[in-house]
Amino acid sequence: MSPQSPLFGRRQMLAGAASAALGVALVPAAEAAAGTRPRPFGSYGSPRHRPNSRTLYVDSQGRGDHTTVQAAVNATPDAPERGWTVVIAAGTYRETVLIAQAKTGLTFAGATRDARDVVIVFDNAAGTAKPDGGTYGTSGSATTTIQADGFTAAHVTFANDWLRADHPEITATQAVAVKVMGDRSLFEACRFLGHQDTLYADTLALATFARQYYRRCYVEGDVDFVFGRATAVFDRCELHTLARDVSFKPYGYVFAPSTAAANPHGYLATRCRITGDSPDGSYGLARPWRPSSDLTAVPMLTVRETRIGPQIDTAAPYVNMSAGYPWQDARFGEYRNSGPGAAIPVPENRPQLTAEQAAARTTRTHLGDWKPSA
């Protein structure tokens, strides 16, 4: 079913499109087994039995320290000597969340260890009117905004369920699920759900090279649904293209990096899967984004040892975003990919790395001295 259709409701979206791979259950795993007594915070303790004084609990039903995620974030100290953990019970938390730059070393832990159970979601788009005038813009549309360094999330869904079909009057349809800007940002077994501009992997400033690591995550969308200028590694992730009721091709693009020219490392997808609900050849793999704030950007993307599904146009996987900047001038490269979408019918349109070049585009080279652990 197309996400453009009025029948594509928010419940389906929050379950995720790749039901065969990830399931569609919205019932918390902790409550799935009949006859068991729910433990809202699983193995992470409880307000009466904390593993340490730096652990807070969120539960929409009032069994924790706070009923909203933002309230728990606000309750943590700025620039702590040791990181704090926010354990989030199963539920859908309809709110926007800001993790300000001072909230360093913060961790979000989904209590059931199943990202489908813990959903942080809102429905602003770039063109949504703000209460005090104007519109939100792309960055302002984000459900969750992470500015702090050292952020970790495990088993959490970040979503933006704004739908084009519900708002035909809005033309600025970017709707970000999460904007990540901090260095050493780790996401383990998380989900990122949206349509256009789902995951904004970015930095706080042009000269800042923020490193981000996404391990065994799931990301879905349609137009440029992974974009920004961060140094970001996607390791064993699933990137899922959504169907659309449109007459043009490509329907959209998986990646739209905007890597700063001075940054030697942009986006890296390694050992991933690119899947989709869309027809064969309906999506581009990437297009280079040169934002108005950085017309000197030289976008960088490496896709290696990844299985690429038939949804990707093999003859023209890369497309110009602007006429004045051809994709050939970007730093795009592939290495040892497989699957029907990895075929090379037009070699000049699929830049392949040599073994020597590939050795310089690995998880280690991208993350440097940072060795993330969940």
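At a glance:
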read-out	value
In the range 81-103, the residues that are over 22 Å from the mean Cα position of the chain (by Cα) and crowded, with 18+ Cβ neighbours inside 10 Å	Trp84
Strands (runs of 3 or more DSSP E) (entirely within the range 135-200) containing at least 3 residues that are over 12 Å from the mean Cα position of the chain (by Cα) and acidic (Asp, Glu)	none
Options Val156, Val176; residue that is surrounded by 24 or more Cβ atoms within 10 Å (Cβ to Cβ), closer than 24 Å to Val86 by Cα, touching a Cys at 6+ places or on another chain (Cβ under 6 Å) and not basic (Lys, Arg)	Val156
Looking only at the range 289-335, and only at residues there that are within 14 Å of Ala261 (Cα to Cα) and among the aliphatic types (A, V, I, L, M), the one that is modelled with the lowest pLDDT	Leu295
Residue in the range 271-307 that is farthest from the chain's Cα centre (by Cα), counting only those that are among the polar types (S, T, N, Q) and under 14 Å from Gly339 (Cα atoms)	Thr306
Lone qualifier among Ser19, Ser46 - being over 13 Å from Val119 (Cα atoms) and at pLDDT below 95	Ser19
Check on Arg229, surrounded by 23 or more Cβ atoms within 10 Å (Cβ to Cβ), basic (Lys, Arg) and more than 22 Å from Arg271 (Cβ to Cβ)	yes
Residue in the range 67-80 that is under 21 Å from Arg39 (Cβ atoms) and within 20 Å of the chain's Cα centre (by Cα) present	yes
Members of the range 322-340 found to be without any contact (Cβ under 8 Å) to a residue 40 or more places away in the chain, exposed (fewer than 14 other Cβ atoms within 10 Å of the Cβ) and over 19 Å from Thr275 (Cα atoms), listed by number	Ser322, Ala323, Gly324, Pro326, Gln328
Top-ranked residue in the range 272-298 [being among the small types (Gly, Ala, Ser) and in a strand (DSSP E or B); ranked as nearest to Asp313 (Cα to Cα)]	Gly284
Contacts under 8 angstrom Cβ, first residue in the range 276-291 being in contact (Cβ under 8 Å) with a residue 12 or more places away in the chain, partner assigned to a loop (DSSP other than H, G, I, E, B) and among the aromatic types (Phe, Trp, Tyr), 6 or more apart	Ser278/Tyr251; Ser282/Tyr251; Tyr283/Tyr251
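Let's see how each residue does on (1) out of contact with any Lys or Arg (no Cβ under 9 Å at 6 or more places or on another chain); (2) without any contact (Cβ under 8 Å) to a residue 60 or more places away in the chain; (3) of a type in the set (D, E, K, R); (4) more than 26 Å from Ser278 (Cβ to Cβ):
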site	(1), (2), (3), (4)
Ala172	yes, yes, no, no
Val178	yes, yes, no, no
Leu186	no, no, no, yes
Ala189	no, no, no, no
Gln196	no, yes, no, no
Val226	yes, yes, no, no
Arg236	no, yes, yes, no
Asp245	yes, no, yes, no
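The values are calculated or read from the model by the stated rules, or taken from the named source; none is laboratory data. In this text, all values refer to a predicted model and were calculated from it rather than measured experimentally. Neighbour counts are summed over all protein chains in view; Cβ atoms, including those assigned to glycine, are modelled from backbone coordinates with ideal geometry.
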